[in-house]
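In what follows, a structure is listed as structure tokens, so that the remarks can point back to it.
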Amino acid sequence: MVFLWYAEEPAVDVAGAVKQIEGAYDKGQFQMMLEALPAQALSFGLRALAALLLFFIGRKIIHVIVKLVERSMEKAGAEVTVRKFVKYLVRASGYILLILLILSVAGVQPTAFATVASSVTVALGLALQGSLGNFAGGLLIMMIRPFKVGDYIVEDTHKNEGTVRKIGLVYTELVTMDNRVIVVPNGNLANSSMTNVTAQEKRQLDLKVGISYESDLKKAKELLLGLVEAHPMVSVEEEHFAYVSELGDSAVILGLRCWVKTSEYWKCRWGLTEQIKLTFDREGIQIPYGQLDVHIVNREVFSSGEAGRTIAGAKEKR
């Protein structure tokens, strides 16, 4: 008898083999990471150290540049607001360039930063359209300089007026004569007409007063000229004269023209107005005023019978 012995081949464990290979691969990768870690740490440390050194050195350089620009503008006689704006602009530009340089040294791609910055800029531009218009108006005001701090201006659009206290990048602050503060957007001042009252050292003062037709015209003119020439705030070197401005319905309108310092304009105007009234009263020059004559009719005259006859007579006349 012949016995045949058959031995089956063992089945291959494919999943286990794959796990063993992956484990060996993971161990190799982990080993490679461990081996490369010191070099990466050294590279990162060097970059961080270079970025810190660059930051401190760049900050010192920016500070020196800002000081030089500020001193040069002071020597040139630039206004305080313009000096502040240029100083902030130079400082902001310097720090933006410094940040870009530090990111480049640290290994960050400038293109990615530029993409994010452009997206943020577009979003802010759409959200702040009105404020950006006022900002552009502030830049125009600082460059053209239609007024400066301390000037008295009148905004012709909304009739806001006052002394300029502060010129900002977006708004301008005005202080009124009764000490109120008005904040005016720079876009309104840059895009519409505006009157600078104190831009000139001297200002023409023009007064008008009416006298009655019965008053002495030549005497009234002589009195006006005498008041002007005797007033301490009036510039007698400049042309000054009295004239007949208009022949009104109930008065002869006289005009008085002279020149005064801009800072003394209102004091001189108020003082002359008061002196004209007192002088005309003393010299017998009458200043007419509006009058209303009321005639009262007795009701007893218009009885019912008389009223009827009056109406009938009016019809017959027609």
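Whole number please: convex hull volume per residue of the Cα set in region 196-286, in Å³? Write out the running numbers ahead of the final one.
Values: hull volume 8.6 nm³, N = 91.
Given the Cα convex hull of region 196-286, per-residue volume reads 95 Å³.
Too long at a 31 Å Cα-Cα cut-off: which of LYS219/LYS267; LYS75/LYS261; LYS148/LYS221; LYS67/LYS166; LYS166/LYS277; LYS87/LYS159? Each step should come with its number before you reach the end.
Working: LYS219/LYS267 26 Å; LYS75/LYS261 29 Å; LYS148/LYS221 40 Å; LYS67/LYS166 23 Å; LYS166/LYS277 40 Å; LYS87/LYS159 33 Å.
Flagged as over cut-off: LYS148/LYS221; LYS166/LYS277; LYS87/LYS159.
Can you give the accessible area of HIS63 in Å² (nearest 10), computed on protein heavy atoms with a 1.4 Å probe?
Approximately 110 Å² of HIS63 is accessible to the 1.4 Å probe.
Accessible area per residue for region 133-269 in Å², computed with a 1.4 Å probe and the full protein assembly in place, what is it? Write down the numbers at each step before the final one.
Working: 7830 Å² over 137 residues.
Accessible area per residue: 57 Å².
Quick one: Cα centre-to-centre distance for region 132-150 and region 209-235, in angstrom?
Between the Cα centre of region 132-150 and that of region 209-235, the gap is 44 Å.
Calculated FRET efficiency, MET233 and ILE287, Cβ-Cβ r, R0 41 Å, to nearest 0.05? It would help to have the intermediate numbers written out before the result.
Working: r = 23 Å, r/R0 = 0.57.
That gives a FRET efficiency of 0.95.
Between region 246-268 and region 157-191, what's the alpha-carbon centroid distance in Å?
Measuring centre to centre over Cα atoms gives 29 Å.
The values are calculated or read from the model by the stated rules, or taken from the named source; none is laboratory data. What you see is a predicted model; the values in this text were computed from it and never measured. Don't worry about glycine lacking a Cβ; one is built from the backbone with ideal geometry, like all the others, and counts go over all protein chains shown. Ligands, DNA and RNA are excluded from the accessible area calculation, which covers all protein heavy atoms including side chains. Shrake-Rupley method; radii C 1.70, N 1.55, O 1.52, S 1.80 Å.
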